[in-house]
Amino acid sequence: MNRFVTFIFCFGLLSTFTTSMARAQAVQDFHSYANPAAVRVRHLDLDWNVLFDQKILKGTAVLTVQRVSQTEPLILDTRDLQIEKVETSVDGVVYSAGTFTVGSSDKILGAPLTIPLPAKANRVRIHYSTSPGASGLQWLEPAQTAGKKDPFVFTQSEAIHARSWIPTQDTPQVRVTYTARVRTPRRLLAVMSAENLSGTARDGDYSFRMRQAIPSYLIALGVGDLRFRSLGPRTGVYAEPPLIDLAAKELSDTEKMVVATERLYGPYRWGRYDILVLPPSFPYGGMENPRLTFATPTILAGDKSLVSLVAHELAHSWSGNLVTNATWRDFWLNEGFTVYLERRILEAVYGRGREEMEAALGLRDLKEELANLEDRDEILHIDLKGRDPDDGSTDIPYEKGALFLRHLEQTFGRAPFDRFLQSYFNHFAFQSITTDQFVAYLKQNLLDSNPALAAKVPIDEWINQPGLPASAPQPTSTAFTRVEEQARLWLRGELTAAKIPAAAWTTQEWLHFLKTVQDEVSVPTSREGDRVKAADRMVELDQAFHLTRSGNSEIAFQWLLMSIRNRYEPANQRLEEFLMTIGRRKFIKPLYEELAKTPEGKERALAIYRQARPTYHPIAVTTIDDVLKWSGQ
Ligand code: BES
Ligand code: ZN
């Protein structure tokens, strides 16, 4: 009896052990249907025709898979894909017809595509096309481009939109290498987050290869009338012809940034670093697609004042693309590390003063966000089960994450912390990791060697609690202290706007000034007299500094936000024009939110949105539909 029980027990243990060995490589990802622990995609061979008239990609994806389980099917993520036919192969030469089922579709996750695999089959060829409304693609009419002559299409795969244009295991813990062949109209150029194998010929037939294993959210494609300009030995920029000169001038510090980052964190491992400047409907500031950062044209301010975005996307070549969040709840490992690195790069290239300003602006935004978020959304290791991962994209992963690393740096000293980060990037290179893996590595390689210092950083509070620890750093800027003094004098009426010594202010100083006076100028009251006073203040500032006409997108955004709050009507037309031409979520979301706070504002918002909606990216549409409770009015 005893021996029998022991036998059962051992057998149970053994089978648990072998299963967990086989499955050990996968972690639970609530945002994917895939089963990488049983069958894992390793490589993709993609082949598409880019059909602008139908607004679809049509072609094939060949998936090379690794099978741990010989019985389980391959499960992929899809969203709105038309699957025509599936074939399987054991040698990659001979393919035979296969079967597949598409499960029911979830609003956030899309639908699972299940493909049974015959014995020994390790390749699957899927014939498919995307749908015109694919969430990861935006098809632009010529009128929405700078050149106005040709159409444009670009992808945005992060967080879970790759599945709307590639049937694959769309979880960041699955990394793949890929090749692609892309056929386009002859006048257009295709670019991807990969090596370009087609040389300089513009013949409408382009080939690419990515030899380093990357998560699906980093697969990217852009097609348009693009020109290239070299910026350095391994850096360059692509943009439409009317923008290429401006872009090349604005981004001319890119090579310097790569060199500075290598000095801090070790070699750049991706070969080239190019930037693709997109049309203004691009819904983000930037996207760190490997070898080819995608960027909004709204960073082209003319004075390099917004190139922190390049530092940020470049930094992802270490934090994010090399060491990747395993699931979207670990997103702060990507973005918090990247904001920290971004500021170190800015300090190295533009000096400590610039870094201080950026960090102080970051802290200010974080505090504002903390005042408005629910507790559950203030946690770095956020629980996103059942939610859209794009909901996790607040200042928490970015700024709270960066502040946590700043706290570690200040506690353990810059040199030891730099060594720690270098070893972290090397240790986990080309892997996707969880927050727990990071914490374990942090303990072993930094905290445990100095318990006295470790006691000063409340790790669990940083990672698992809302708000900020009391000991959190509070970055300040001496330049900003002077700006605050000027703002105060002006607000007290001791200085006229025209006398504010703003001539030499940087964009960051302007932003700080506007945010500082905004808190004072905006009068949250219904008293007519106060409102008139607030609007008078706006008039005075505008007359002195022509802020309504500012060509700097960040300053214009800040000013327009204030204009809505203070009912400064002379800015109305500029606001409309801004919302009609720019689709960057970070700008348009707060503007629509501010408008929606009053009944008249809501009316205006709806009138503008009715016209602008068809020009926005599907991701931006989802966001603004929600802000305005849009139901097709
Ligand atoms: N990876 C992000 C963009 C992103 C995040 C896309 C989540 C989809 C889901 C990118 O690196 C980023 O953070 N961009 C910022 C700019 C940056 C300077 C803070 C943006 O777009 O505003
Ligand atoms: Zn980022």
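Just so you know, all these numbers are worked out from the coordinates, no wet-lab data involved. Keep in mind that this is a model prediction, so the values were computed, not measured. Quick reminder, even Gly has a Cβ in these numbers, built from the backbone with ideal geometry, and neighbours come from all protein chains shown.
In region 269-315, the C-alpha radius of gyration followed by the widest Cα-Cα span (Dmax) gives 10.4, 30 angstrom. Once the C-beta distance of residue 106 and residue 419 is scaled by a Förster radius of 51 Å, the resulting FRET efficiency is 0.70 to the nearest 0.05.
If you take the Cα centroid of region 375-433 and the Cα centroid of region 181-242, the two points sit 31 Å apart.
When shorter helices are ignored and each DSSP H run of at least 4 residues is given -39500 (n - 2.57), the per-residue value for the chain at 222 nm works out to -12000 deg cm²/dmol. Note on region 110-236: dipole from Cβ charges, positive end direction compared against 139, 160, 129; the farthest Cα belongs to 129. For region 291-344, the gyration tensor built on C-alpha atoms gives a prolate shape. Its axis ratio a/c (a ≥ b ≥ c) is at least 1.5, and a/b is the larger of a/b and b/c. Take the Cβ atoms of residue 539 and residue 436, set R0 to 41 Å, and the FRET efficiency comes out at 0.15. Shape of region 290-441 from its Cα gyration tensor (a ≥ b ≥ c, root eigenvalues): rounded if a/c is under 1.5, otherwise prolate when a/b > b/c, or oblate? Cα axes put region 290-441 in the rounded bin. Our estimate of slack between residue 497 and residue 465, defined as 0.36 nm per intervening residue step minus the Cα-Cα distance, is 7.2 nm. Judged by the mean number of other Cβ atoms found within 10 Å, the most tightly packed of the peptides 37-44, 386-393 leads the ranking 37-44, 386-393. Site pair residue 519 and residue 429 shows an inter-label distance of 4.5 nm when each label is modelled 7 Å from Cα along Cα→Cβ. Projected label points at residue 245 and residue 581, each 7 Å from Cα along the beta carbon direction, are separated by 1.8 nanometres. This model, with +1 at the C-beta of Lys and Arg and -1 at the C-beta of Asp and Glu, gives the chain a dipole about its Cα centre of some 1340 debye. Quick check: from the Cα gyration tensor, does region 178-298 come out rounded (a/c under 1.5), prolate or oblate? The shape class here is oblate. In a reduced charge model with +1 at each Lys and Arg Cβ and -1 at each Asp and Glu Cβ, region 377-533 shows a dipole moment near 520 debye about its Cα centre. The C-alpha atoms of the chain define a longest principal axis, and helix 401-412 lies at about 90 degrees to it. Alpha-carbon geometry of the chain: the Rg and the Dmax are 25.8, 95 Å, given in that order.
When restricted to Cα atoms, region 463-525 yields an Rg and a Dmax of 15.2, 48 Å, respectively. A dipole drawn for the chain from +1 and -1 charges on Cβ atoms has a positive end, and of 251, 78, 551 the residue lying farthest that way is 78. When the charge dipole of the chain is built from unit charges on Cβ atoms (+1 for Lys and Arg, -1 for Asp and Glu) and taken about the Cα centre, the candidate among 90, 581, 490 whose Cα reaches farthest toward its positive end is 90. Taking the Cα centre of region 465-552 as origin and assigning +1 to Lys and Arg Cβ atoms and -1 to Asp and Glu Cβ atoms, the resulting dipole is close to 40 debye. For region 72-185, the Kirkwood estimate of the hydrodynamic radius, built from every pair of different alpha carbons, is 15.7 Å.
Relative intensity of region 131-177 on a log10 scale, I(q)/I(0) at q = 0.33 Å⁻¹, equals -1.16, per a Debye sum over C-alpha point scatterers of equal strength in the absence of solvent.
By other beta-carbon atoms within 10 Å, ranking 613, 211, 125 with the fewest at the front produces 211, 613, 125. Using bins of 10 Å that start at zero, the share of Cα-Cα pairs per bin across region 353-484 amounts to 11, 37, 36, 14, 1, in whole %. Between 0 and 90 degrees, the angle of helix 585-595 with respect to the longest Cα principal axis of the chain falls at about 50 degrees. With neighbours defined as other Cβ atoms within 10 Å of a residue's Cβ, the residues 478, 338 order from fewest to most as 478, 338. Compared with the dominant principal axis of the Cα atoms in the chain, helix 507-521 is inclined by about 70°. Among 93, 174, a tally of other beta-carbon atoms within 10 Å of each Cβ gives an order, fewest to most, of 93, 174.
Considering only beta bridges that DSSP places wholly inside the chain, some 75 percent are antiparallel. Which distance in Å, rounded to a whole number, links the C-alpha centroids of region 445-467 and region 37-62? After rounding, the separation between the Cα centres reads 44 Å.
Relative to one another, the C-alpha centroids of region 561-593 and region 109-153 are positioned 33 Å apart.
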